[in-house]
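Chemist: Before I ask anything, here is the structure I am working with.
Where a number appears in this text, it was derived from the coordinates with a stated rule and is not lab data. The structure displayed is predicted, hence computed values, not measured ones. No Cβ is skipped: glycine too gets one built from the backbone with ideal geometry, and neighbour counts run over all protein chains shown.
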Amino acid sequence: MTRESGGFRVRALEVGGRPTEDGPLLIEGRRFTDERGWFTESWKASTFRALGIGDAWSQDSLAWSGASVIRGLHYQLRPAAQAKLVRALVGRILDVAVDLRRDSATFGGATVVELDAGGGAALYVPEGFAHGYQVLGNSALVAYKAGGEYAPEFERSLRWDDASLAIPWQRGDAPPLLSEKDRRAPTLEELTAEDLF
């Protein structure tokens with residue numbers, strides 16, 4: 001399913017190889033280019049509402065990461081669950097969202113998309129999904145809009161290399177650089193019912 005409004009095109013992405021209407025969305029905005037460079041709107045409340053994305057964004061975050069970095073998979077539980085709007089401002093990333101909604105037909109399925117600064121697309125990750133990414137290349141600057149503020153008491157992690165998720169991380173010569181939290185994260189099978197949506 002693809003929708004367009006106000007210069008934005010939104011495409012529903014598959015989760016675990018299955019189509020879904022309530023999962024992650026790829027968002028592309030129109031660019032105006034001339035000899036000076038280009039201009040684009042990255043978010044516009046009225047247009048996003050018309051496209052079915054009505055989240056009230058309450059926090060913007062930036063993350064700079066070097067080569068071989070994998071961040072995630074992270075999420076927050078209710079009442080602090082977060083939808084996210086993610087884009088690469090510099091470099092390229094392999095962006096991943098995993099469905100943690102127990103009653104969903106795509107539970108445990110992953111959406112994987114490459115985002116790059118040159119393309120300008122963004123990934124919308126709804127509440128109920130874990131999110132993470134891998135830097136492709138030497139470095140990346142990633143911007144997030146979050147529909148809820150960071151709340152460490154509700155934060156959870158899902159193991160990035162859980163084989164049951166079948167995420168096609170790109171394997172390079174160097175091992176991935178991970179935080180200790182991400183290295184120790186539980187697999188999907190190890191999560192309790194209280195850790196899911």
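Chemist: For Phe129, which sequence-distant residues (separation of 5 or more, or a different chain) have an amide H within less than 5 Å of its own amide H, given hydrogens modelled in the peptide plane?
Modeler: The list, which skips near neighbours in sequence, is Leu100.
Chemist: How much FRET efficiency would the formula 1/(1 + (r/R0)^6) give for Glu194 and Leu141, where r is the Cβ-Cβ distance and R0 is 30 Å, rounded to 0.05?
Modeler: Values: r = 34 Å, r/R0 = 1.15.
The computed FRET efficiency comes out at 0.30.
Chemist: Can you tell me which of Asp95, Asp173, Asp162 moves the most in a GNM of the chain? Springs connect C-alpha atoms under 10 Å apart.
Modeler: Asp173
Chemist: Once you've got the GNM for the chain with C-alpha springs shorter than 10 Å, pick whichever of Arg36, Arg71, Arg102 has the biggest mean-square fluctuation.
Modeler: Most flexible of the set in this elastic network: Arg36.
Chemist: Between Glu155 and Ser46, what length in nm is gained on full extension when 0.36 nm per residue of separation is reduced by their alpha carbon distance?
Modeler: Working: separation 109, 0.36 × 109 = 39.24 nm, distance 2.99 nm.
Full extension of this stretch gives 36.3 nm more.
Chemist: Before rounding to the nearest 500, sum -39500 (n - 2.57) across all DSSP H runs of length at least 4 in the chain and divide by the residue total; then give [θ] at 222 nm in deg cm²/dmol. All intermediate terms of the calculation are to be shown ahead of the outcome.
Modeler: Numbers: 2 runs with 10 residues, N = 197.
Counting only the DSSP helices, I get -1000 deg cm²/dmol.
Chemist: Please rank Thr47, Thr40, fewest neighbouring Cβ atoms within 10 Å first, as an exposure proxy. Please report the intermediate quantities before stating the final value.
Modeler: On the way: Thr47 17, Thr40 13.
With the sparsest Cβ surroundings first, the list reads Thr40, Thr47.
Chemist: Write down the Kirkwood hydrodynamic radius of region 53-128, to one decimal in angstroms, obtained as one divided by the mean of 1/r over all alpha carbon pairs.
Modeler: In region 53-128 this quantity evaluates to 13.8 Å.
Chemist: Neighbouring Cβ atoms within 10 Å as the yardstick, rank Ile53, Ile93 fewest first. Can you show the working numbers first?
Modeler: Working: Ile53 20, Ile93 28.
The most exposed by this proxy come first: Ile53, Ile93.
Chemist: Follow-up question, since we're still on this one. Region 108-141 to region 158-197: how many Å between their Cα centroids?
Modeler: Cα centroid to Cα centroid, the span is 15 Å.
Chemist: Here is a follow-up. Output the relative contact order of the chain, whole-number percent, from Cα pairs under 8 angstrom with separation of 6+ residues. Show your work: numbers first, answer last.
Modeler: Values: 453 pairs, mean separation 51.9, N = 197.
Relative contact order for the chain comes out at 26 percent.
Chemist: Based on the Cα gyration tensor of region 90-197, what are the three equivalent ellipsoid semi-axes, each the root of five times an eigenvalue, rounded to whole Å and given largest first? Provide the component values of the computation, followed by the final result.
Modeler: On the way: eigenvalues 104, 57, 41 Å².
Semi-axes, largest first: 23, 17, 14 Å.
Chemist: May I pose another question? Taking the Cα atoms of the chain, what is the range of coordinates along each of the three principal axes, in descending order and whole Å?
Modeler: 52, 39, 31
Chemist: Report the residue, chosen from Trp38, Trp160, Trp57, that carries the largest GNM mean-square fluctuation when the chain is represented by alpha-carbon nodes joined by springs under 10 Å.
Modeler: In this elastic network of the chain, the residue with the biggest mean-square fluctuation among Trp38, Trp160, Trp57 is Trp38.
Chemist: Quick one: order Val112, Val125 by neighbouring beta-carbon count within 10 Å, fewest to most.
Modeler: Working: Val112 21, Val125 26.
Fewest-to-most Cβ neighbours within 10 Å comes out as Val112, Val125.
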